[in-house]
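The structure appears right after this line, and notes come after that.
The values are calculated or read from the model by the stated rules, or taken from the named source; none is laboratory data. Worth saying up front: this structure is predicted, and the values here are computed from it rather than measured. For neighbour counting, all protein chains shown are included, and Cβ atoms are generated from backbone atoms with ideal geometry for every residue, glycine included.
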Amino acid sequence: MPKAFSLICFLLCLSFLTDAQDQAERWSKWEAEADTLADHQDFAGATSLYTKIIRECKFTDKSDYRYIYKRAVSYYSANNFDSALVDMNRFIPFFPESPQARILRALIYRGKGDSENQLIDLQKAIELRGPTTELVDGEVLYSPTKVISRPLRKI
């Protein structure tokens with residue numbers, strides 16, 4: 001009886017590990033597809049895939065919050081400032097020392113016409129990172145894996 005119980009426990013553990021590995025591979029594939037869609041300016045498609053990952057990942061690891069950040073960039077790029085702001089307000093409490101997150105949220109506030117909050121986030125980004133000229137020639141958005149830039153647009 002004890003050998004049978006040990007075998008059952010071993011098989012259950014193996015099953016859970018296999019499921020976790022399958023999930024990670026699936027999310028990695030979806031993330032790569034979403035990143036490619038975002039690179040091709042298909043922000044609706046990218047947002048959809050990031051949302052799919054977010055629904056499944058349950059944020060068991062702090063690194064899972066990158067999906068929130070990437071979806072916020074997609075929302076912002078599609079001028080969906082309200083949804084982008086919701087995502088950044090969810091992301092920043094977990095990464096309060098990220099100047100990139102503050103810069104993105106400042107750009108979102110600018111898109112919403114909220115200059116007061118835009119200045120607050122820009123000031124915080126400068127405190128965290130120091131002065132920078134990277135926003136002079138165009139908007140620079142930082143993802144955890146690469147820099148995404150585009151020309152300034154008039155608002």
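Go through the range 60-93 residue by residue and tally those that are within 19 Å of GLU127 (Cα to Cα) and over 12 Å from the mean Cα position of the chain (by Cα).
The total comes to 1.
Taking the conditions exactly as written (aliphatic (A, V, I, L, M), buried (at least 16 other Cβ atoms within 10 Å of the Cβ), touching a Lys or Arg at 6+ places or on another chain (Cβ under 8 Å) and modelled with pLDDT under 95), does ILE92 satisfy them or not?
no
Taking the range 57-72 on its own, how many of its residues are of a type in the set (A, V, I, L, M, F, W, C) and under 13 Å from ASN89 (Cα atoms)?
Going residue by residue through the range 57-72, those that are of a type in the set (A, V, I, L, M, F, W, C) are 57, 59, 68, 72.
Retained after the next criterion (residues that are under 13 Å from ASN89 (Cα atoms)): 68, 72.
The qualifying residues number 2.
If I ask for residues that are in contact with a Pro (Cβ under 9 Å, 6 or more places away or on another chain) and basic (Lys, Arg), which ones from the range 54-97 would you list?
Across the range 54-97, the qualifying residues are ARG66, LYS70.
Hey, can you tell me all the residues within the range 82-106 that are more than 15 Å from ARG71 (Cα to Cα) and in a helix (DSSP H, G or I)?
PRO93, PHE94, PRO99, ARG102, ILE103, ALA106
Could you count how many residues in the range 104-155 are modelled with pLDDT of 90 or more, surrounded by fewer than 11 Cβ atoms within 10 Å (Cβ to Cβ) and small (Gly, Ala, Ser)?
1
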